[in-house]
Every structure is written in C-alpha cells, then in structure tokens.
Amino acid sequence: MKCRFCGSTDSKVVDSRSSLSGLAIRRRRECLNCHKRFTTYERIEEFQPMIVKKDGRREPFDRKKIVDGLVKACEKRPVSMDQIENFVSSLEKEIQDRGVREVRSSFIGERIMAELRQWDDVAYVRFASVHKQFKDLNEFLEQLQQLLGEKDMNGLRSRK
C-alpha cells in the first residue's frame, strides 16, 4: 500500500476491523518510512454488471457515480453520509444478488427515488427532476402535486 504522505510502499497494518456496512475491511496502517498513519478500506471485488442507459448505451456499474448523485440531491438536507453509504451498499448488494449481467438504469433510479422519498422530499424532487428528465415545467409541477397529494392523504396539509 502506498503511503499518502511520502509515497513509500512499505507499511505495516496496525489495526483491522470490519467497516460499518460489513462489506469492507478498514485497516489502520503505519508507513515504515515516515511513520505517519493512514487508513485504507479493502472491499471484496465482485462481478459488477453493465448498466443499460436509457439510450441503449452500456457502461460498468459505478458506485461512486451513485454516491455522487445522492450527495448532490441531499446537499444541505438532513441526510447523513452514513445513510447514503449504507443505502448504496445495500443497492449494490441487491444488484449483485440478482446475478444478472445487465441492469437497466431505470431500475437503479427508481430504487434511489423510493429511498429519497422516505428520507427527504426536497432531495427526492431534486433527484427526480434529473432522473425523469421532465420535458417541461408542467411535468415537473405534476410530480410536485402528486407528492403534495400523497402528503395530504397521510394527514398532512399541503403548502400553498
């Protein structure tokens, strides 16, 4: 492992433990050259399916892309990085458990929107506006009205 401070490849493991999600191993290392400590995360490399985009293009599954999209949607909202990381880990596991070579991006988008809808309405609308690619303002307003209508049905008053 390369030291992030001096670039040396000589280090020793000081401590190892499972990460919070249980899908990675957190290792605390000490550089044998500069004696500074740093943390690494090791994840089991598993088969990653291809993601089929709306236009038919295919690209490899990219966990970071999903995390980045969620972070943008949840910016300045009461959603923690732990919530995001745990959800993405469970989504990744769900996709791998399906055992298929290809997954439609719409499946991933719908799963993300369902989770965001439970977490935070603003984050949900932000993500949905990108994922659903509304053609015009009316489509966007319909989505907002549907969301507000569901809140009314749950005993909450909509904001006007």
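A few remarks follow.
- The set of residues in region 101-123 that are among the β-branched types (Val, Ile, Thr) and farther than 13 Å from VAL67 by Cα comprises VAL103, VAL122.
- Selected residue (criterion: surrounded by the most Cβ atoms within 10 Å (Cβ to Cβ)) from residues of region 8-32 that are within 30 Å of the chain's Cα centre (by Cα) and part of a loop (DSSP other than H, G, I, E, B): LEU23
- For region 33-73, the set of residues classified as exposed (fewer than 15 other Cβ atoms within 10 Å of the Cβ) and among the small types (Gly, Ala, Ser) consists of GLY56 only.
- Unique residue being in contact with an Asp or Glu (Cβ under 7 Å, 6 or more places away or on another chain), modelled with pLDDT of 90 or more and under 26 Å from PHE127 (Cβ atoms) when the list is VAL103, VAL52: VAL52
- Options SER105, SER80; residue that is in contact (Cβ under 8 Å) with a residue 24 or more places away in the chain and of a type outside the set (Val, Ile, Thr): SER105
- Any hit, region 33-49, residues being part of a helix (DSSP H, G or I), modelled with pLDDT of 90 or more and farther than 18 Å from VAL130 by Cα: no
- Selection of first residues in region 30-58 that are over 12 Å from VAL13 (Cβ atoms) and of second residues that are of a type in the set (A, V, I, L, M) and at pLDDT below 85, restricted to Cβ pairs under 6 Å at least 6 apart or on distinct chains, gives the following pairs, ordered by first then second residue: TYR41/ALA24; ARG43/ALA24.
- Unmet requirement for GLN83, which otherwise passes all of (1) surrounded by 12 or more Cβ atoms within 10 Å (Cβ to Cβ); (2) out of contact with any strand residue (DSSP E or B) (no Cβ under 9 Å at 6 or more places or on another chain); (3) closer than 24 Å to ARG104 by Cβ: (3)
- Region 115-125 - residue that is over 16 Å from GLN146 (Cβ atoms) and charged (D, E, K, R) and, of those, modelled with the lowest pLDDT: ASP120
- Hey, ARG63 of a type in the set (D, E, K, R), assigned by TED's automatic domain parsing to the domain that holds VAL130 and over 20 Å from the mean Cα position of the chain (by Cα) or not: no
- Any hit, region 90-102, residues being within 30 Å of SER11 (Cα to Cα), surrounded by 13 or more Cβ atoms within 10 Å (Cβ to Cβ) and in contact (Cβ under 8 Å) with a residue 24 or more places away in the chain: no
The values are calculated or read from the model by the stated rules, or taken from the named source; none is laboratory data. These figures come from a predicted structure and were not determined experimentally. Note that we place each Cβ from the backbone using ideal geometry, even for glycine, and neighbour counts take in every protein chain shown.
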